[in-house]
Amino acid sequence: MKNNISLKEVRKEFSNAQFASFVILFVLAIILGVGIPVVVPNSTLQNVKLSKDYVAGELADEDVYAPASVSFVDEVATKEKREESARSVLPYFTYNVSSTLGCLTDCNTYMDAILKKGSLDPGKALEEAGIVDSQQVTERLESLGVEKKNLITRIVIENLESILKQGLFSESDVVITRQDGYDEVTAELPRKESYELVGSTVKLSDVLTEVGLYEYLVQIGLKGYPTLGFDNIMLAAEATMMFATPNVRYNEMKTLQLRDQEAARAGSVVIRVEKGDLIIGKDTVITEQQLRTIERINEIRVDTPISALIGQAVFLIAVLTLGVGVMFYFIPYKFRIPLYTLMFLGFFDMSIIVSYFVMIAASNLSLTVSLDSMLPYLFLPVFFTCVTNKRRIGLTIGFIYAGFSVVFPTSGKYSFFYLLSMIEAAVLFVRFGTNRIDTIYQAFYSSICAAAITAIYCLVSDFTYTVLVNSIIVSVLNIVISFIVVNVLLPIVEMLFNIPTTFRLHELSYADSPTLNRLNQVAQGTFNHVRNVSDMAYLASKEIGANAELARVGALYHDIGKAEHPEYFIENQSGKNIHDQINTNLSAAVIKSHVKLGVEKGREIGLPQEVLNIISEHHGNDIITFFFNEAKKDAANRANVLVSEEDFRYNGQIPQTPESGIVMLADCVEAASRTLKNPNTQKYDRLIMNIIISKINHNQLSDSKLTLTDLIQIKDTFIRSLVGRDHQRIEYD
């Protein structure tokens, strides 16, 4: 049943104290939803607990799983990767053009001096070039004949040009490079056809250095000038050696620059660990990276920015406001709105706190299980479904809890859908049975669904099979424990707040209660009447989807006020009618009083307010037609006598609920059906239709939320009940 009232009307249902409590609990829920992730950050929920301090190379004694999905930069691995990338860059050697030209110039000047072409003598040329002639090359060259002197001079210049263009590497640089582990280098060398420099990879075994240069020159001389004579070839080699200065040197700055660029391109090593991933396997060798991964997980602290907290607060306010608004709409009885709303917010605040304690406890125990399956998500939806007898309210509460779970520190991308699916499945299995043992079957079917949903959730989330199995077990235990807690707590709440749950109403419907037993003893006719009305109201309520148990109980107790003066009611009289001896006003007053007396008696024995409302509304404010007509007849025979309609009108409120309207109709129909002679289906149909039309005309059903379709279904159900009550049997001998 929907509660079509405005927010202004809802506010009127709250007292000032209740409204203040509502605001406090509402704000507290938002503060808990937003604030606890700050107070209890992700880091405390993601710690990996090891049974002992392991070292790399040791065998693990346990399986270690990631408690949550995290990603981080492995600084050690990143450093190693960048160093490896940097080392992949070969040492860079640079060709020195100015040094080359200087060597060639010095050599040409010296050779011109040898050949007497310049103004300098050879000694002066060597001195200016800073060269020491330790091998008496000048003296030996000057002792040669002109022809050989010219030839050797040309050989020296050609050899020097060839060596320097080829590139003469520094022996010390080559030695250091080899010591660093490189057999190749990148060198800028001139092209063969020009002096344009081009970088290329060169093997160190193929380069020419000062060491071995003499032998190289001798070999070239012997090969190119075999007739020159060995002494002259050696002289040419020694002369070349004087001017052959290394012109290819290691460029440290360029090398470091290239290595830095390559290291930067290597990027960072990002370790991504999904929740439930196996970090360390039992009986496997532990690596340094595994230990670093665990260390980094335990160091991670996620600080939520202020903007995100504000966004979360707005989101949670929207979710809670929407949920509470839907509850206002579907709570069956508006006078219950304050109680149910405050009860929900109080339990909801506690459930959020319990949820975080569960997360922390599970994290500290390092359980290989999905934390979502451990949350206390099911108690509130199932509990309030049973309290209100409305699955829609249970589903609404499930939506609110699942919405709040979005900001939980351990929530994954499928957590909301997982929790909502689990809640919906369990709530849909709640049957408003009459026995509390029915919850065993509800828990069983809910557990089967929970196992299937959890398995799908773990597979979609890519959890390990160990986590999958453990999560299924935990989710089933969660279901069972939730139903046990609901069964323990529900009778306490029923008693404290006098709530008419299905179980409570079924217990009240026992016909051997003290109140009904007394009614049976002092007013047998009324007792039979209320039992018939109860059966009719129950069946009619089931037919239109109203609260059948409430209608049954309301009908059973609607006439308990008649137990105070049973003799004034026709169904308890046998022959003599006491109303023949008193005036009609007094008769009407006695008849009307049974409603007030019934409400007082019901309140005294602790009937729920919903049942009391049915008692007070089952006659509405209709007129007691029989005595009103009798009073008008008497007044017609007497002068100056006025008959007030209000004296013959019930003082109750017209029915406010479908159940109350059904009891009103069942009461009238059951009583009126006793007056029919030779009843049949057609007569019942006509009688009931007349009663319904009369109640509509007297505006008695306008607030009952019964539609014309409902009234037609109720009429048909009443006919079946009356036909069954008055069925004929064959005559017995």
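Using helices alone, I'd like the mean residue ellipticity at 222 nm for the chain: each DSSP H run of four-plus residues gives -39500 (n - 2.57), total over residue count, nearest 500. Working shown, then result.
Details: 30 runs with 454 residues, N = 733.
Helices in the chain give a 222 nm mean residue ellipticity of -20500 deg cm²/dmol.
Could you provide, to the nearest whole Å², the per residue accessible area of the chain with probe 1.4 Å? Please report the intermediate quantities before stating the final value.
On the way: 35990 Å² over 733 residues.
Value for the chain: 49 Å² per residue.
Sum up the charges of everything whose Cβ sits under 10 Å from the Cβ of residue 170, counting Lys and Arg as +1 and Asp and Glu as -1, but leave residue 170 out.
On the way: positive: 249; negative: 171, 173, 210.
So the environment of residue 170 carries a net charge of -2.
Note down the nm distance, to one decimal, between modelled labels 7 Å out along Cα→Cβ at residue 154 and at residue 7.
11.0
If you place +1 on the Cβ of every Lys and Arg, -1 on the Cβ of every Asp and Glu, and leave all else neutral, what size is the dipole of the chain about its Cα centre, to the nearest 20 Debye?
Working: 66 positive and 82 negative charges, 808 e Å.
It works out to roughly 3880 debye.
For the range 146-248, just run the numbers: alpha carbon Rg, then divide by 2.2 N^0.38 Å, N being how many residues it has.
On the way: Rg = 15.1 Å, N = 103, 2.2 N^0.38 = 12.8 Å.
Expressed relative to 2.2 N^0.38 Å, the Cα Rg reads 1.18.
So what is the relative contact order of the range 226-376, in percent, for Cα pairs below 8 Å that sit 6 or more residues apart?
Relative contact order comes out at 16 percent.
As I understand it, the dipole of the range 129-224 uses +1 on the Cβ of Lys and Arg and -1 on the Cβ of Asp and Glu, about the Cα centre. Which of 169, 186, 224 lies farthest toward its positive end?
The residue sitting farthest along the positive end of the dipole is 224.
What FRET efficiency, computed as 1/(1 + (r/R0)^6) with R0 = 51 Å and r the Cβ-Cβ distance, is obtained for residue 127 and residue 81, rounded to the nearest 0.05?
Values: r = 55 Å, r/R0 = 1.09.
The computed FRET efficiency comes out at 0.40.
Would you kindly give the portion of the calculated P(r) for the range 297-421 that falls above 24 Å, as a percent of all Cα pairs? Walk me through the intermediate numbers first.
Details: 2505 of 7750 pairs.
Cα-Cα pairs of the range 297-421 separated by over 24 Å account for 32 percent.
For the range 501-646, what class follows from the C-alpha gyration tensor (a ≥ b ≥ c being the square roots of its eigenvalues): rounded when a/c is under 1.5, otherwise prolate if a/b is larger than b/c, else oblate? Please report the intermediate quantities before stating the final value.
Working: a/c = 2.41, a/b = 1.89, b/c = 1.27.
Prolate is the answer for the range 501-646, as a/c is 1.5 or above and a/b outweighs b/c.
Taking the C-alpha atoms of the chain, how large are the radius of gyration and the largest Cα-Cα span, Dmax, in Å?
51.6, 179
What net charge is computed for the residues neighbouring residue 88, neighbours being all others with C-beta under 12 Å from the C-beta of residue 88, Lys and Arg scored +1, Asp and Glu -1? Intermediate values should be presented prior to the final figure.
On the way: positive: 81, 82, 87, 259, 265; negative: 83, 84, 184, 262.
Cβ neighbours under 12 Å give a net charge of +1.
Mind computing the radius of gyration and Dmax over the alpha-carbon atoms of the range 340-403? Å is fine for both.
So, for the range 340-403, Rg and Dmax equal 13.0, 40 Å respectively.
Among 572, 398, 354, which residue has its Cα furthest toward the positive end of the charge dipole of the chain, with +1 on Lys/Arg Cβ and -1 on Asp/Glu Cβ?
572
Sort the range 380-482 into rounded, prolate or oblate with this rule: let a ≥ b ≥ c be the square roots of the eigenvalues of the Cα gyration tensor; rounded if a/c is under 1.5, and if a/c is not under 1.5, prolate when a/b is larger than b/c, oblate otherwise. Provide the component values of the computation, followed by the final result.
Values: a/c = 2.69, a/b = 1.44, b/c = 1.87.
Oblate.
What is the gain in length, in nm to one decimal, between residue 197 and residue 460 on full extension, counting 0.36 nm per residue of separation less the C-alpha to C-alpha distance? If you can, show how the numbers build up before the last one.
Numbers: separation 263, 0.36 × 263 = 94.68 nm, distance 5.93 nm.
That works out to 88.7 nm of additional length.
What ³J(HN,Hα) values, in whole Hz, does the Karplus curve 6.51 cos²θ - 1.76 cosθ + 1.60 give for the range 280-287 when θ = phi - 60°, with x put for Gly and Pro?
Whole-Hz 3J(HN,Hα) from phi for the range 280-287: 10, x, 4, 6, 10, 6, 7, 9.
Given a 1.4 Å probe and the protein chains all in place, what does the accessible area of residue 277 round to, in Å² to the nearest 10?
40
Can you tell me the order of 7-18, 410-421 when each peptide is scored by its average per-residue count of other Cβ atoms within 10 angstrom, highest first? List each step's numbers first, then the result.
On the way: 7-18: 12.2, 410-421: 19.8.
The packing order, highest mean first, is 410-421, 7-18.
Assuming a ≥ b ≥ c are the square roots of the Cα gyration tensor eigenvalues, decide whether the range 250-332 counts as rounded (a/c under 1.5), prolate (otherwise, with a/b larger than b/c) or oblate. Please list the in-between numbers first.
Values: a/c = 4.97, a/b = 2.03, b/c = 2.46.
The shape class here is oblate.
Starting from the Cα of residue 677, step 7 Å along the direction of its Cβ; do the same at residue 725; then give the gap between the two resulting points in nm.
Output for this residue pair reads 2.1 nm.
Counting Lys and Arg as +1 and Asp and Glu as -1, each charge on the Cβ, what is the dipole of the range 249-406 about the Cα centre in debye, to the nearest 20?
On the way: 15 positive and 12 negative charges, 119 e Å.
For this selection, approximately 580 debye.
Along the charge dipole of the range 533-613, which of 563, 595, 607 sits closest to the positive end, that is, farthest toward it, with unit charges on the beta carbon of Lys, Arg, Asp and Glu (+1, +1, -1, -1)?
The residue sitting farthest along the positive end of the dipole is 595.
Can you pull the percent of the range 433-563's accessible area that's carbon plus sulfur, 1.4 Å probe, other chains left in place?
Working: 3640 of 5560 Å².
Roughly 66 percent, rounded to a whole number.
Within 10 Å, count the other beta carbons around each residue, average over each peptide in 368-381, 586-599, and list them highest first. Walk me through the intermediate numbers first.
Numbers: 368-381: 24.6, 586-599: 19.5.
In descending order of packing, they fall as 368-381, 586-599.
Which helices pass in the chain if a helix is a full DSSP H run, must span at least 27 angstrom along its long axis by Cα, and must have mean Kyte-Doolittle hydropathy not below 0.0? Display every interim value, and only then the final one.
Details: long enough: 16-39 (33 Å, 2.25); 146-166 (30 Å, -0.04); 306-330 (36 Å, 2.15); 337-365 (41 Å, 1.63); 438-460 (33 Å, 1.26); 465-497 (46 Å, 2.16); 524-544 (30 Å, -0.39); 584-604 (30 Å, -0.22).
Those that clear 27 Å and a mean of 0.0 are 16-39, 306-330, 337-365, 438-460, 465-497.
Sort 397-403, 617-623, 568-574 by packing, meaning the average of other beta carbons within 10 Å per residue, with the highest value first. Let's see the in-between values first.
Details: 397-403: 24.3, 617-623: 22.6, 568-574: 15.7.
Put in order of decreasing packing, that is 397-403, 617-623, 568-574.
Can you compute the modelled spin-label distance between residue 206 and residue 488, with each label point 7 Å from Cα toward Cβ, in nm?
Going by the 7 Å Cα→Cβ label model, 8.5 nm.
What does the convex hull of the Cα atoms of the range 66-139 come to per residue, in Å³, rounded to a whole number? Walk me through the intermediate numbers first.
Values: hull volume 11.3 nm³, N = 74.
Per-residue hull volume (Cα only) is 152 Å³.
In Å, what Rg and Dmax follow from the Cα atoms of the range 102-186?
16.6, 51
The values are calculated or read from the model by the stated rules, or taken from the named source; none is laboratory data. All of these numbers come straight from a predicted model, not from anything done at the bench. We place every Cβ from the backbone using ideal geometry, glycine too, and count neighbours over all the protein chains shown. Please note that ligands, DNA and RNA were not included when accessible areas were found on the heavy atoms of the full protein model with its side chains. Shrake-Rupley method; radii C 1.70, N 1.55, O 1.52, S 1.80 Å.
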